[in-house]
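Structure, as structure tokens:
A short reminder: the numbers here are calculations on the coordinates, not readings from a lab. Fair warning: this is a prediction, and the values are worked out from it, not measured in the lab. So basically every Cβ, Gly included, is an ideal-geometry build from the backbone, and we count neighbours across all protein chains shown.
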Amino acid sequence: MTHRVAGATVAGIVVALSVTAGAPAFAAQRAAGDQATVSVFHAVPGLTVDVYAGDKELIPDFKPGTLTEPMKLDAGSYDIKIFKDGQGPDGSPAIEKTVDVPAGANATLVAHLTADGKPALDAFVNDTSKIPAGKARLTVRHVAAAPAVDVRAGGKPVFKDLVNPKEAKAEVAAGTVSADVVLAGTDTVAIGPADLDLAEGTDTVVYAWGSASDKNLALKTQTITGMHSAPGGVPAGGSGEAAAHNEGLPIGALSLGAVSALGAAGLLFRLRATAR
């Protein structure tokens, strides 16, 4: 299933669920007009899953490396359950968390591996604040099973000692950047180099995901638009929504750890383990 199909499936089901919001299995507590923009990234290698909210299936046959299109979701609490393909909703979920979705947030929900290879669910709040003219925002999220890393641009460290789960971001000159990732404090390349097209007024989010022991590292990029500042800004009312790009870069040998961001401008996805 492509990320476009996945996104369309989720959006359609969300609309249907909004009509039946009183169902006890789907406990989204909503206020009219209060919504968030949410994307979902499946970053657990080798495992096709079904994603549920309560007992309602949101994304069937969700394949590793798939990033959905952004969707509008009513603010509230969602009991997210992720099952191995075909095992839900009565089986034991591989991952289960209650996710509080704040109104106005722009976020990416990521199923990934912890540093020691266990399945996890984390939320990244996407920074949609304005970016100075001529600049772009680069965000790196470490979402796989492996040790701390440094991220380099043009051979020089930009972000140092990223661990699982962390993110790092910076505003840089717009343009094409050659980036790679090395083991923290070394010149040992774990991924790349890869050319990143950092367009003015956008946030390019790079996810490193996979498993070191399984040697299946890959990159995924997500582009968030609409943060231009004058001059050269976009018209008022730019969406600031995410556009997903399925540009995986398989890498052998080493796999990076996972990076999740839990906070930007006070808009959080507050994740907590659901009592089992």
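Quick rundown of the values:
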read-out	value
Longest to shortest principal axis, alpha-carbon extents of the stretch 135-194, angstrom	31, 21, 16
Tail beyond 20 Å, pair distance distribution of the stretch 37-116 (Cα, percent)	29 percent
Rg and Dmax of the stretch 40-170, Cα atoms only, in Å	16.4, 52
Using a Förster distance of 35 Å, the FRET efficiency for Thr188-Asp100 (Cβ separation, nearest 0.05)	0.35
Efficiency of FRET from Cβ geometry, Ala173 and Ser213, R₀ 41 Å, rounded to 0.05	0.65
Within straight-line cross-link reach of Lys135, lysines at Cα separation under 18 Å, skipping those fewer than 8 residues along the same chain	Lys169
Principal axes of the stretch 106-147: Cα extent on each, largest first, Å	41, 22, 7
Nitroxide proxy distance, nm - points 7 Å out along Cα→Cβ at Asp85 and Ser229	4.6 nm
Diffusion constant of the stretch 95-245 at 37 °C, which comes from Stokes-Einstein with the Kirkwood Cα-pair radius and 0.692 mPa s, µm²/s	203 µm²/s
Environment charge of Asp150, counting only residues whose C-beta is closer than 13 Å and scoring Lys/Arg +1, Asp/Glu -1	+1
